[in-house]
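Below: one structure, written as structure tokens.
The values are calculated or read from the model by the stated rules, or taken from the named source; none is laboratory data. None of these values were measured; they are calculated from a predicted model. When we count neighbours, we look across all protein chains shown, and the Cβ atoms used for this are built from the backbone with ideal geometry, even at glycine.
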Amino acid sequence: MNTPVLTIDERHNIETGAWFSKLSAALRQAILERSSVRRLPDGTPMASRGTAAEEWCGVARGAVRISTVSLSGKQVTLTYAEPGTWFGDIALFDGLPRTHDADAHGPTTLLSVRKPDFKELLTQHVELYDALLRLNCRRLRLMFDQFEDLNTRPLQARLAKQILLLAKSYGSVHGDEIRIGLALAQEDLAQLLGAS
């Protein structure tokens, strides 16, 4: 297969991602060779809760909104996958349906690895098992941190922490200030804080 065509910035986002950058050169190349590029406009659905997983994705540009539907039928944002983040592996591992909805938040570019190629990568690169185990341990720790914050911190402290996290993930320096390059409505921010 050919290496997917990404812009310089998109390639940089993938290659410098906290998880991907720690893989061996051979595994990074194998993943890129089995990837296709998907460019999605804002709001494009990528995965729906209850459906079978068919791909593993890395965010090269933009953001992926991970959400669920409340009992009242309202879409609730749980998190955003930023550039350099890989997702979709859990349902490929356990064979169970997707647990959440995912859609493009703003113009988004993904690297997509089809399920058969993902399985082949696991067979040919044992390193990938350990790398994905570490990635999922990190996700679990973050989930516990969020759960702890929700149950122990006041809203103002959760808001301050969330703004710092957004600045770290999406911030760019402009003079003496940092601007967060992720457009969020007040309701979206409230949902991230568990305050809606």
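Overview of values
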| read-out | value |
| --- | --- |
| Exclusive hit being surrounded by 14 or more Cβ atoms within 10 Å (Cβ to Cβ) and either among the hydrophobic types (A, V, I, L, M, F, W, C) or within 30 Å of Gln29 (Cβ to Cβ) (or both), set Ala190, Ala195, Ala185 | Ala190 |
| Any pair with Cβ under 9 angstrom, 6 or more apart, that starts in the range 175-196 at a residue that is of a type in the set (D, E, K, R) and ends at one that is part of a helix (DSSP H, G or I) | Arg179/Ala167; Arg179/Tyr170 |
| Residue within the range 61-77 that is at positive phi and modelled with pLDDT under 95 present | yes |
| Hits in the range 127-157 - residues which are surrounded by 10 or more Cβ atoms within 10 Å (Cβ to Cβ) and assigned to a loop (DSSP other than H, G, I, E, B) | Arg153 |
| Unique residue being without any contact (Cβ under 8 Å) to a residue 12 or more places away in the chain and over 14 Å from the mean Cα position of the chain (by Cα) when the list is Gly73, Gly43, Gly50 | Gly73 |
| Qualifying residue in the range 174-182 (condition: buried (at least 16 other Cβ atoms within 10 Å of the Cβ), at pLDDT 85 or above and either of a type in the set (Asp, Glu) or more than 21 Å from the chain's Cα centre (by Cα) (or both)) | yes |
| All positions within the range 57-113 that are surrounded by 22 or more Cβ atoms within 10 Å (Cβ to Cβ), touching a His at 6+ places or on another chain (Cβ under 8 Å) and hydrophobic (A, V, I, L, M, F, W, C) | Ala63, Val64 |
